[in-house]
Each structure stands twice: as C-alpha cells, then as structure tokens.
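Structure, as structure tokens:
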Amino acid sequence: MHRSEGGHIDCNAIGNNRYICRGFKNIRNAEALDNKEHMISFGKDWSGKVIKSDAFAGNINNGSIPSISNRFADIHIHTDQSPPSSGDIYGFIDEVIIDSNYIRYVATPNGLMYALILTNKQSAINFNLKYPRRPGITVQNADGSSIKYQPTFPQILVDEFDQIKGWGGASKELATAFLLAKYNTGVALLKEDDDGSFRRLITKETKDRNGNKIYTAYNCE
C-alpha cells in the first residue's frame, strides 16, 4: 500500500494488490470501532475475477477466516502493532498444505502490513509434525461470555522466543523471522515497505564481546 505523509492510503498505487488494500481499509475501520480482530478472505469466481468475503469479527486476539469460493488469500488485523503470531503461522501452514500459493496478510492498526508465504512445502509439513501447536485456552468472563485464545508454539519455542526478545533485545518481528528460519519451517515472513513492495525479513544472530547474543535485521530480499 502506498501511504502519503498524511496517512492516506492510495489503493490505486499498488497494482494487483489493490484488493488487499481495500480489504485492509474495511477491517481497519471495523477494528477502530470495537477493538476486535477482523478478517476478510479473497477468492475467485467462475470467470477468474477476484472476489472477497464480508468482514468477519473475532475477539481481541483471535478469529475465524471466512469461507469463499476458490480462496487464495486472507487478511486480518491485529488489535495491537504485533506481527503474525504463532497461531497465524500454524493456520497458514494448514492452508498451504492444501494450496502452496496461498498467502496470508496480517495488518496492524497503524498501517503496518506483513505477509506469510510458503518457501518449502515439505519443510512446513515436517515442522508441523515435529513442533505441534499447543491448543489455545478458553477463558470464561464474568458475564458468561468466553474468549478463545489462539494456538501457540510448543513451550520450548515460546521460551526461546521470549529469550530472543528479552536477553537479545529483538523486536517481535525479528524474533519471529529468526525462529521461522532456524527451525526450517518452510515459511517466510515478509513486511511491506513504503512503496508497497513486500520484502522478506531476515534476522542475523551475532555475539558481542561479552558473548551475549544480539539479533539484528540482516537484509531484505
């Protein structure tokens, strides 16, 4: 998406991705009203024309991707500025096992846009088997309603993720990109730059003179 200095989003500036941009506008407006995740699916009709679902509302940190004919991508918005979560990644792997070209877009309220793409299907299958997701918990509220949280990485990966952020000083997006590569997930994390291009996030691990691990953005491709 092309963003002007005033924050206006120009969907006509991003060519074939304009349907993603317009979907983002819809879900950002909805999230601003109720502080819940919202999601839209994209598919194709009988003639090959791109179609989109209605926006579905989830809860504060989870939701279900809408069904649509010949679905090839989806987009949802987080209620904070976080990149794709472990639940997003596992859900994406479920999709690409069926369709290797599937893309998942994840947006934030301030306009950041991420994408998950498949780099190796067999690696994604192997990761899914070797590091199975932990089911999300369900929390009951005082008013009788409940919130179901998304699946998470197994504890060993959660601990490493927290260490990379804590001791290593990495952001969530750098920690996520590092784990995706280290554990050979077959999944790449991309981030949109200011001209609307998506570039892969790569995290480099080094050590300082005291032997402490440091995580930095290596390059984008």
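The values are calculated or read from the model by the stated rules, or taken from the named source; none is laboratory data. Values in this document were obtained by computation on a predicted structure and should not be read as measured data. Glycine gets a Cβ as well: all are built from the backbone with ideal geometry, and neighbour counts include every protein chain shown.
So which residues in the stretch 72-91 are among the aromatic types (Phe, Trp, Tyr) and assigned to a loop (DSSP other than H, G, I, E, B), if there are any at all?
72
Let's see how each residue does on (1) in a strand (DSSP E or B); (2) in contact with a His (Cβ under 8 Å, 6 or more places away or on another chain); (3) not aromatic (Phe, Trp, Tyr):
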| site | (1), (2), (3) |
| --- | --- |
| 40 | yes, yes, yes |
| 51 | yes, no, yes |
| 70 | no, no, yes |
| 93 | no, no, yes |
| 96 | no, no, yes |
| 117 | yes, no, yes |
| 123 | no, no, yes |
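Could you list, in sequence order, all residues of the stretch 187-203 that are touching a residue at least 60 places away in the same chain (Cβ under 8 Å) and under 15 Å from the mean Cα position of the chain (by Cα)?
187, 188, 189, 190, 191, 192, 198
Can you confirm whether residue 206 is under 18 Å from the mean Cα position of the chain (by Cα) and among the β-branched types (Val, Ile, Thr)?
So residue 206 fails the test.
Does residue 85 satisfy the criteria of being at pLDDT 85 or above and under 26 Å from residue 185 (Cβ atoms)?
On the way: at pLDDT 85 or above: yes; under 26 Å from residue 185 (Cβ atoms): yes.
So residue 85 fits the description; yes.
Report, by residue number, each residue of the stretch 39-79 that is among the β-branched types (Val, Ile, Thr) and either closer than 16 Å to residue 26 by Cα or under 19 Å from the mean Cα position of the chain (by Cα) (or both).
40, 51, 60, 65, 75, 77, 79
How many residues, within the stretch 97-124, are in contact (Cβ under 8 Å) with a residue 60 or more places away in the chain and hydrophobic (A, V, I, L, M, F, W, C)?
The first filter runs over the stretch 97-124 and keeps only residues in contact (Cβ under 8 Å) with a residue 60 or more places away in the chain, leaving 105, 107, 109, 111-124.
Subsequent filtering for residues that are hydrophobic (A, V, I, L, M, F, W, C) retains 107, 112-113, 115-118, 124.
Of the residues in that region, 8 qualify.
Only residues that are surrounded by 15 or more Cβ atoms within 10 Å (Cβ to Cβ) and either touching a helix residue (DSSP H, G or I) at 6+ places or on another chain (Cβ under 6 Å) or part of a loop (DSSP other than H, G, I, E, B) (or both): list them for the stretch 185-201, please.
185, 186, 187, 189, 196, 201, listed by residue number.
Please go through the stretch 71-91 and give me each residue that is buried (at least 23 other Cβ atoms within 10 Å of the Cβ), in contact with a Phe, Trp or Tyr (Cβ under 8 Å, 6 or more places away or on another chain) and touching a residue at least 60 places away in the same chain (Cβ under 8 Å), ordered by number.
Within the stretch 71-91, just 84 meets the criteria.
From the residues in the stretch 143-172 that are of a type in the set (Lys, Arg) and either at positive phi or assigned to a helix (DSSP H, G or I) (or both), which one is modelled with the lowest pLDDT?
165
Which one is farthest from residue 97 (Cα to Cα) among residues in the stretch 170-194 that are touching a strand residue (DSSP E or B) at 6+ places or on another chain (Cβ under 7 Å) and of a type outside the set (A, V, I, L, M)?
194
Restricting to the stretch 92-131, name every residue that is small (Gly, Ala, Ser) and more than 15 Å from the chain's Cα centre (by Cα).
Initial filter on the stretch 92-131 (small (Gly, Ala, Ser)): 100, 107, 111, 115, 123-124.
Listed by number, the residues that qualify are 100, 123, 124.
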